Amino acid sequence: VDVSAQSLFTEAVACHLAGDAAAATSLYRKALARDPNLAEACNNLATLLAQSGDEREAEGLLQRAVALQPDYGEAHNNLGILWSARGDHPRALPAFERAVALEGTRPQWLRNLGDAYIEHFRYIAALAAYDCALAIDPGDVECWSVRGFALRGLRRPDEAIASFQRALAIAPSHVDSLSRLAIVLKEQKRLDEAVVAMTKATEIDPANVRLLANFAAIYEAKGECARVRELAARAVEIDPAYPEAYNVLAYREWEEGRYDAALALYQKVLALDPGDRTANFSLGLIWLLQGDYDRGWKQFEWRKRFDSVVFDHGEYGDAEWTGESLEGRDILLHSEQGIGDAIQFIRYAPDLKALGARRVYLECPDPIAPLLTGVRGVDAVVARGTRLPSYDVHANLMSLPGLLGTTLETIPTEVPYIPVEPRTARAMVNAPEGTLTVGIVWAGNPIHARDYLRSAPLEAFAPLCSIPYTRIYSLQKGSAAERQLAECPLPGVVNLAPYLDDLRDTAAVIDALDLVISVDTSVAHLAGALGKETWLLLPHVPDFRWMLGRTDSPWYPTMRLFRQPAPRDWASVFAEAEQALRERTEDTVLRLASDTR
């Protein structure tokens, strides 16, 4: 090594440690001019350049450092930090993995690795990395905090909350832990507790615009619209260039049915940050809602970039299908969100066969796997978490409409497309001749972000239950069936929950009914897929698939839509449904009377 180069390097390190960045930068450059092979000088100079905003030169220096010294863990870690900050997570992850493989006893590097796994939705690996870091440094507050987010991704909310609380036990004023705790509490519908946590966070850091935006989201869930606007406006006042504040305002416009105003605000977000996930995905949803399928399906792909408690991120390799010929190839379809989504989009399996697919496999959550076994075009169904078959390409089930160029005119509408098995639960539908048998569902998936808007109060169904010549059957499952029917018993309603062991039972019962009346939940999709007459009760702003204004659905030909004319106006929806049911019942009675004459 050039002695003068080493001396310059030693002097540079001293200046660097003393905080004299300008002198250190100059000396590192001089050392490298004497000896370009000083890997440590490349690394150290890169860290200073990255801090001053010169990422391009910093990246080149770090890449030179690892080329000169492949086992230089710190340079690999710094490359990971640089790429991660830039949003280039596919490159950052292997850099962090290499750094930890070289030196696995640095808690900060392990935390960086965990954070990178989070960006790839690999929550189990992230949790392992965080736990290794905490075994070395149990007092790492940030590590306990981000560990909670890994547990959130694994849908273990109670453990996530405990991890946040562990961080706060060490540092009660750790703002990020308070904010993350509030987010998980909100998702668990513990809204008052979420407000307490976020109030404390904003009291500690009142000018933190990210906290204000998260706080607004909690009040959105509480339905306190004035507070939402107030908090978002405060964030805009503090930082007019903060995109998330406009996302909050856009969502508020959207939920009030002012779609043009929402679109304008999302476009403002993208002017500030073209890669903003919320704005990009939201544009797609509004376009689909408006029937603009050409732009909507393309933009809908942004959903894959979200860290969401309702989105299943699996590891399927790089062979993602892009719409090309499937001649002689095996394709794996994987469901990603709710049961209703899987039911709706499995209709595309025969289209893949028409494109030449040799075998079509479906991976889906265990509760729905038996129901979808036997769907035309599906060769085998695999429950999530079990061994996958070998395949050539894979695709998200909800990406199929876009990949196949679906328009409103080309939606596959042949029903039924779900097979119905003979199940003993079917015998529970037993009513006198001339009686209209009606199944009802009032509550959706509680972890859905908009469940508080989609689910209706059980008591709203009471007028429907008093209509003559009808027999009402509750198809509701879960805590809503057990708790709410006990608290608000409806006269004459037959509770079928004890007989519905899985969705095949539900399908058999629906097949035996005359009509299903449901809020937007999986049972409505199942009834529609079975070709059963279905009345769908929708919030003022519906999910994208139900579009706007129309009373029918291009997805389910036997479905009728009842829409709220204003936000949270269930009274109007049920008044319309009651009138329609009375007319439907009268038609049945008149027809029976005519048949007996």
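The values are calculated or read from the model by the stated rules, or taken from the named source; none is laboratory data. Every value quoted in this text rests on a predicted model; they were computed, and no experiment measured them. Here the Cβ is made from the backbone with ideal geometry for all residues, glycine too, and neighbour counts use every protein chain on show. Only protein heavy atoms, including side chains, enter the accessible area calculation; ligands, DNA and RNA are left aside. Shrake-Rupley method; radii C 1.70, N 1.55, O 1.52, S 1.80 Å.
With r as the distance between the Cβ atoms of Arg560 and Glu103 and R0 = 60 Å, compute the FRET efficiency 1/(1 + (r/R0)^6) and round to 0.05.
My answer for the efficiency is 0.40.
In whole Å, how far is the Cα centre of the stretch 51-67 from that of the stretch 15-40?
Using only Cα atoms, the two centres lie 13 Å from each other.
Checking the a/c ratio against 1.5 first, then a/b against b/c, what shape does the Cα gyration tensor give for the stretch 445-597?
rounded
Can you run phi through the Karplus equation (6.51, -1.76, 1.60; θ = phi - 60°) for the stretch 314-321 and list ³J(HN,Hα) in whole Hz, with x for Gly and Pro?
x, 10, 10, x, 8, 7, 7, 5
Quick check on the chain: helices-only [θ] at 222 nm, where DSSP H runs of length 4 and up contribute -39,500 (n - 2.57) each and the sum goes over total residues. Nearest 500, please.
Computed mean residue ellipticity for the chain: -16500 deg cm²/dmol.
Arrange the peptides 64-71, 513-520, 378-385 so that the one whose residues have, on average, the most other Cβ atoms within 10 Å appears first.
513-520, 64-71, 378-385
Taking the DSSP beta bridges in the chain as the whole, what percent of them are antiparallel, to the nearest 5?
Expressed as a percentage, antiparallel bridges in the chain total about 5.
Note the full-extension length gain between Asp54 and Val196 as 0.36 nm times their separation in residues minus their Cα-Cα distance, in nm to one decimal.
Length gained between Asp54 and Val196: 47.0 nm.
Could you state how much accessible area Thr407 has, in square angstrom rounded to the nearest 10, with a 1.4 Å probe and all protein chains kept in place?
50
With the contact rule set at Cα under 8 Å and sequence spacing of 6 or more, what percent relative contact order holds for the stretch 417-556?
Normalised by residue count, the contact order of the stretch 417-556 is 30 percent.
So what's the net charge close to Arg329: Lys and Arg +1, Asp and Glu -1, counting the other residues with Cβ under 10 Å from its Cβ?
After counting each charged neighbour, the total is -2.
Can you tell me, using C-alpha contacts under 8 Å and at least 6 residues apart, the relative contact order of the chain as a whole percent?
Once normalised by length, the contact order is 8 percent.
If packing is taken as the average count of other Cβ atoms within 10 Å, what order do 333-339, 101-107, 498-504 fall into, highest mean first?
Highest-to-lowest ranking by the protection proxy: 333-339, 498-504, 101-107.
The stretch 72-171: D in µm²/s via Stokes-Einstein (Kirkwood Rh, Cα pairs, 4 °C, 1.567 mPa s)?
Taking Rh from Cα pairs, D becomes 98 µm²/s.
Considering Cα pairs under 8 angstrom that are at least six residues apart, work out the relative contact order of the stretch 1-123 and quote it in whole percent.
15
Using DSSP to define loop residues, name the trypsin sites (Lys or Arg not before Pro) in the stretch 88-171 whose beta-carbon has at most 16 other beta-carbon atoms within 10 Å.
Arg155
Before I look further, what does the chain give for accessible area per residue, probe 1.4 Å, in whole square angstrom?
Per-residue accessible area for the chain comes out at 43 Å².
Any idea how far the Cα center of the stretch 420-464 sits from the one of the stretch 222-298, in Å?
So the separation of the two Cα centres works out to 34 Å.
How large is the dipole of the stretch 222-278 about the Cα centre if only Lys and Arg carry +1 and Asp and Glu carry -1, each at its Cβ, rounded to the nearest 20 debye?
100
Which percent, to the nearest 5, of DSSP beta bridges fully inside the stretch 446-597 are antiparallel?
Restricted to the stretch 446-597, the bridges split so that about 10 percent are antiparallel.
Want the number for Glu11 to Ala261: 0.36 nm per residue separation, take away the alpha-carbon distance, what's left?
The Glu11-Ala261 span can extend by a further 84.1 nm.
Based on the mean of other beta carbon atoms within 10 Å per residue, what is the order of 489-495, 340-346, most packed first?
The packing order, highest mean first, is 340-346, 489-495.
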